[in-house]
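Working notes, beginning with the structure itself.
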Amino acid sequence: MRALTYAQAIREAHAQLMAEDPRVFLIGQGVRNPWYAGTSLQDLDKEFGCDRVIDSPVAENATTGAAVGAAIMGMRPIVFHPRMDFMLLAMDPIVNQAANWSYLFAGRVSVPLVIRAVINRGGEQGAQHSQALQALFAHVPGLKVVMPATPYDAKGLLVAAVNDGNPVLYIDDRWLYEKQGDVPDSLYGVPLGKAAVRRSGRHVTVVATSCMVHEALQAADTLATRGIEAEVIDLRTIKPWDRDVVFSSIGKTGRMVVADAAWMSGGVAADIAATVAGELFHALTAPIIRVCLPDAPAPTATSLEQAYYVNANDIVVAVEKTMR
Amino acid sequence: MSQDGHENREVSDERLMSCFRGMLRIRLAEERIGRLVESREVRTPCHLSIGQEAVAVGVCSSLRSDDTVWGGHRSHGHYLAKGGDLNAMMAEIFGKATGCSGGRGGSMHLAAPAQGIFGTVPLVAATIPLAVGAALAAKLRGIDQVAAAFFGDGATDEGHFHESLNLAALNRLPVLFVCENNGYSTHLALQERRLKDNIVDSAELHGLHGCGVDGNDVQAVYAAAADAVQRMRAGGGPALLECRTYRWCGHVGPAQDLDVGKHRQQELQEWMQRDPIARVRERLTSRGLGQDVIEGLYRQATEEIDVAVEFARTSPAPDESDLLQHVSVARRGI
Ligand SMILES: Cc1ncc(C[n+]2csc(CCOP(=O)(O)OP(=O)(O)O)c2C)c(N)n1
């Protein structure tokens with residue numbers, strides 16, 4: 001295995017998928033330009049041509065709708081939205097159309113579509129360039145939602161998403177693009193719906209999504225020096241999430257902190273907390289704590305950004321609270 | 001495109017002077033912002049409108065103070081031309097509590113409600129339908145207030161644009177759609193995004209008044225906007241103004257993005273020859289304005305900008321305890 005960055009791993013998945021399957025194509029804003037995608041799509045246009053790597057006008061609705069149509073006809077489109085915020089202009093094709101299609105027509109017609117959305121938090125970019133909207137989409141039946149945290153998963157989850165045969169929302173985070181990790185050069189998939197235990201521990205379970213996995217691991221290091229062994233679970237797939245891995249961990253630790261760098265109310269963490277409380281109440285020895293963003297749009301000023309975004313320290317504080 | 005046409009000569013010396021002053025102020029303020037971005041003192045993304053000043057100033061000069069203006073990510077010029085406070089804008093860009101949005105928004109989120117600016121936001125085309133709504137409110141209230149929506153050529157790729165034109169035309173709403181066609185949408189040139197260079201034709205299609213003007217000629221922009229606004233106040237319905245212009249800087253920040261587009265370097269040189277500010281200055285000189293007065297205006301604007309930067313620098317950052325303030329208001333603000 002070689003080490004690749006998260007962004008390179010995404011690129012490799014695209015390249016291998018396109019080389020392998022002529023039905024796979026890429027459409028979206030900035031797919032031929034590093035401004036938006038960093039190195040995650042670099043030179044794919046040169047390798048596969050502009051007919052298969054389509055840099056679209058600012059027309060999220062039509063672009064996504066067209067991808068849905070092409071998917072219905074048996075292609076394997078990947079639509080790229082360089083900021084998740086922009087994707088809200090494509091809510092109808094995603095929520096009303098793609099997500100419903102299979103059910104509407106009794107499974108006779110399906111939508112093998114991947115929608116790739118980038119979270120771009122921080123950097124004084126403000127409320128409309130930094131939203132983490134996974135909960136909005138996890139709410140919708142018929143949509144699967146994945147959030148890779150490592151280079152290995154960044155590649156494997158994209159491959160699995162393209163091969164899944166259903167609409168899958170693939171959410172990556174620009175904060176992770178430079179993270180390095182081992183990535184096999186084969187075309188492998190990481191199964192959807194399966195979480196990974198990134199570190200085992202017996203005192204508390206920290207369930208984390210995307211960039212919060214790294215914060216959780218850092219928090220676990222700190223906690224270890226204080227005699228607390230945290231088990232860190234990387235959820236990987238947000239919808240459907242892996243109850244088996246989460247439940248068996250809680251069975252062992254009896255305590256849970258859920259860390260998701262999105263809003264708290266009605267969020268992914270709320271769903272996990274409610275499910276665990278509803279089904280494993282007797283295994284719990286402490287209240288569940290959520291580490292999420294405060295319920296406010298993202299501010300720009302540095303002083304406010306620092307207060308707004310959650311990190312390893314917030315997880316440490318939450319864990320210590322459950323240990324009391 | 002209307003060149004130095006008949007109606008333009010009727011623009012008074014006084015108005016031309018005020019346009020010159022307004023454009024100069026925007027140019028110098030943005031050049032300063034560019035330097036602040038380069039030195040990393042400013043970190044929020046700043047989209048500069050250097051080279052496009054005639055559109056903001058020409059259009060806003062045709063508006064009353066109670067008319068509203070709706071902009072996007074590149075709106076320093078719109079804000080200043082409509083009367084927004086320079087100190088408050090600079091402080092916003094610095095992320096300070098004294099900023100026009102309390103430091104929550106940065107360069108892409110400017111507001112000055114008292115001056116008719118109820119918010120500019122970076123989502124492309126997002127404020128076009130809001131301007132239609134402002135015009136609808138004016139119509140329902142029976143007042144002759146006009147709404148002007150500023151947007152780029154890129155925004156005309158969005159459905160928002162076409163839907164808004166139709167809705168406004170159908171209801172004869174007093175909204176002035178101002179397309180600042182600077183030839184680019186981020187890294188993509190107009191020709192890479194539409195087969196025909198025909199934005200102004202959308203007016204005809206939807207049944208509203210359309211007009212293409214030289215966006216680097218403030219007189220032409222003013223004349224076309226004033227004509228459309230007059231028509232609107234008389235109940236004549238919406239208009240689309242396509243102003244041909246060019247942004248000297250790149251998409252974001254002061255760099256020039258010369259790597260973008262095959263002809264960008266050559267184009268830029270050509271468009272710099274058509275500097276909207278040099279053009280008014282020459283016109284004013286030919287009408288007898290002295291060099292000393294012109295120099296005085298540069299000095300005055302520079303001093304005003306110095307003051308604004310100092311104000312921004314010395315203003316306090318928003319306090320962390322303020323984070324959850326204003327997510328909702330207790331009562332309606334206006
Ligand atoms: C809905 C949406 N899609 C994409 C973007 C990214 N984006 C920001 S500015 C821009 C280009 C807009 O071009 P144009 O409207 O011509 O304005 P200009 O930047 O040229 O002034 C794009 C695509 C965005 N902000 N919002």
Please work out which one of (1) in a helix (DSSP H, G or I); (2) more than 28 Å from residue B:153 (Cα to Cα) is the condition residue A:91 fails and give its number.
(2)
Residues that are in contact with a strand residue (DSSP E or B) (Cβ under 7 Å, 6 or more places away or on another chain), within 14 Å of another protein chain (Cβ to nearest Cβ) and touching a residue at least 40 places away in the same chain (Cβ under 8 Å), drawn from the range A:61-86
A:64, A:80, A:81, A:82, A:83, A:84
Looking at A:189, A:156, A:227 in this structure, which one is open to solvent by 20 Å² or more (accessible area, probe 1.4 Å), out of contact with any strand residue (DSSP E or B) (no Cβ under 8 Å at 6 or more places or on another chain) and closer than 30 Å to residue A:93 by Cα?
A:189
For the range A:1-29, the count of residues that are open to solvent by less than 60 Å² (accessible area, probe 1.4 Å), within 18 Å of residue A:77 (Cα to Cα) and more than 16 Å from the ligand (Cβ to nearest atom) equals 13
Quick count over the range A:125-151, residues being open to solvent by 10 Å² or more (accessible area, probe 1.4 Å), more than 14 Å from chain B (Cβ to nearest Cβ), in contact with a Pro (Cβ under 8 Å, 6 or more places away or on another chain) and not basic (Lys, Arg), is 1
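Given the structure, is residue A:122 surrounded by fewer than 20 Cβ atoms within 10 Å (Cβ to Cβ) and modelled with pLDDT under 95? If you could, list the steps in order and put the result at the bottom.
Working: surrounded by fewer than 20 Cβ atoms within 10 Å (Cβ to Cβ): yes; modelled with pLDDT under 95: yes.
The answer is yes for residue A:122.
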For the range A:30-43, what are the residues that are surrounded by 21 or more Cβ atoms within 10 Å (Cβ to Cβ) and without any contact (Cβ under 8 Å) to a residue 24 or more places away in the chain?
A:32
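To keep it simple, each residue is scored yes or no on (1) open to solvent by less than 10 Å² (accessible area, probe 1.4 Å); (2) away from the ligand (no atom under 13 Å from the Cβ); (3) farther than 23 Å from residue B:158 by Cβ.
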site	(1), (2), (3)
A:45	no, yes, yes
A:54	no, yes, no
A:67	yes, yes, no
A:97	no, yes, no
A:104	no, yes, yes
A:110	no, yes, yes
A:118	yes, no, no
Test: residue in the range A:244-263 that is within 14 Å of chain B (Cβ to nearest Cβ) and either modelled with pLDDT of 95 or more or surrounded by fewer than 22 Cβ atoms within 10 Å (Cβ to Cβ) (or both)
yes
Write out, first by first residue and then by second, each pair whose Cβ atoms fall under 8 Å of each other, whose residues are 6+ apart or on separate chains, and whose first residue, in the range B:87-105, is among the hydroxyl-bearing types (Ser, Thr, Tyr) while the second is open to solvent by 20 Å² or more (accessible area, probe 1.4 Å).
B:98/B:87; B:98/B:311; B:98/B:316; B:101/B:109; B:101/B:111
Can you confirm whether the range B:179-200 contains a residue that is over 29 Å from residue A:126 (Cα atoms), in contact with a Ser or Thr (Cβ under 8 Å, 6 or more places away or on another chain) and either away from the ligand (no atom under 16 Å from the Cβ) or more than 12 Å from chain A (Cβ to nearest Cβ) (or both)?
yes
Please note which helices (runs of 4 or more DSSP H) are completely contained in the range B:1-103 and include at least 3 residues that are surrounded by 18 or more Cβ atoms within 10 Å (Cβ to Cβ).
B:13-38, B:53-61, B:76-81, B:86-93
Screening A:58, A:111 for residues that are within 12 Å of chain B (Cβ to nearest Cβ) and of a type outside the set (Lys, Arg) leaves only A:58
Condition check: within 23 Å of the chain's Cα centre (by Cα), part of a loop (DSSP other than H, G, I, E, B), surrounded by 15 or more Cβ atoms within 10 Å (Cβ to Cβ) and modelled with pLDDT of 95 or more. Does residue A:318 satisfy that?
no
Have a look at A:76, A:32 and point out the one that is among the basic types (Lys, Arg) and within 15 Å of the ligand (Cβ to nearest atom).
A:32
Considering the range A:264-287 alone, what residues qualify as being assigned to a helix (DSSP H, G or I), among the hydroxyl-bearing types (Ser, Thr, Tyr) and open to solvent by 70 Å² or more (accessible area, probe 1.4 Å)?
none
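With respect to residue B:175, determine if the residue is open to solvent by 10 Å² or more (accessible area, probe 1.4 Å) and either in contact (Cβ under 8 Å) with a residue 40 or more places away in the chain or hydroxyl-bearing (Ser, Thr, Tyr) (or both).
The answer is no for residue B:175.
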What's the number of the condition residue A:85 fails, among (1) open to solvent by 10 Å² or more (accessible area, probe 1.4 Å); (2) more than 28 Å from residue A:187 (Cα to Cα); (3) within 16 Å of the ligand (Cβ to nearest atom); (4) outside any loop (DSSP other than H, G, I, E, B)?
(1)
Testing residue B:264 on (1) basic (Lys, Arg); (2) within 14 Å of another protein chain (Cβ to nearest Cβ); (3) open to solvent by 80 Å² or more (accessible area, probe 1.4 Å), one condition comes back false. Which one is that?
(3)
Given the criterion within 17 Å of the chain's Cα centre (by Cα), open to solvent by less than 40 Å² (accessible area, probe 1.4 Å) and either of a type in the set (Gly, Ala, Ser) or farther than 24 Å from residue B:85 by Cα (or both), identify the matching residue among B:116, B:133.
B:116
Across the range B:298-330, which residue is surrounded by the most Cβ atoms within 10 Å (Cβ to Cβ) among those that are among the charged types (D, E, K, R) and more than 9 Å from every other protein chain (Cβ to nearest Cβ)?
B:304
Residues that are closer than 17 Å to residue A:187 by Cβ: which helices (runs of 4 or more DSSP H) entirely in the range A:1-49 hold 1 or more of them?
A:6-20, A:44-48
Could we say that residue B:191 is open to solvent by 10 Å² or more (accessible area, probe 1.4 Å) and under 28 Å from residue A:28 (Cβ atoms) here?
yes
What is the number of the single condition among (1) under 10 Å from residue A:257 (Cα atoms); (2) within 14 Å of another protein chain (Cβ to nearest Cβ); (3) not small (Gly, Ala, Ser) that residue A:291 does not meet?
(2)
Subset of the range B:114-169 (residues that are closer than 24 Å to residue B:64 by Cβ, within 14 Å of another protein chain (Cβ to nearest Cβ) and within 13 Å of the ligand (Cβ to nearest atom)):
B:120, B:121, B:127, B:128, B:129, B:151
Unmet criterion (only one of (1) in contact (Cβ under 8 Å) with a residue 40 or more places away in the chain; (2) over 17 Å from the mean Cα position of the chain (by Cα); (3) surrounded by 24 or more Cβ atoms within 10 Å (Cβ to Cβ)) for residue B:148
(2)
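The values are calculated or read from the model by the stated rules, or taken from the named source; none is laboratory data. The structure displayed is predicted, hence computed values, not measured ones. Virtual Cβ from ideal backbone geometry, glycine too; neighbours counted across all protein chains shown. Heavy atoms of the whole protein, side chains included, go into the accessibility calculation; ligands, DNA and RNA do not. Shrake-Rupley method; radii C 1.70, N 1.55, O 1.52, S 1.80 Å.
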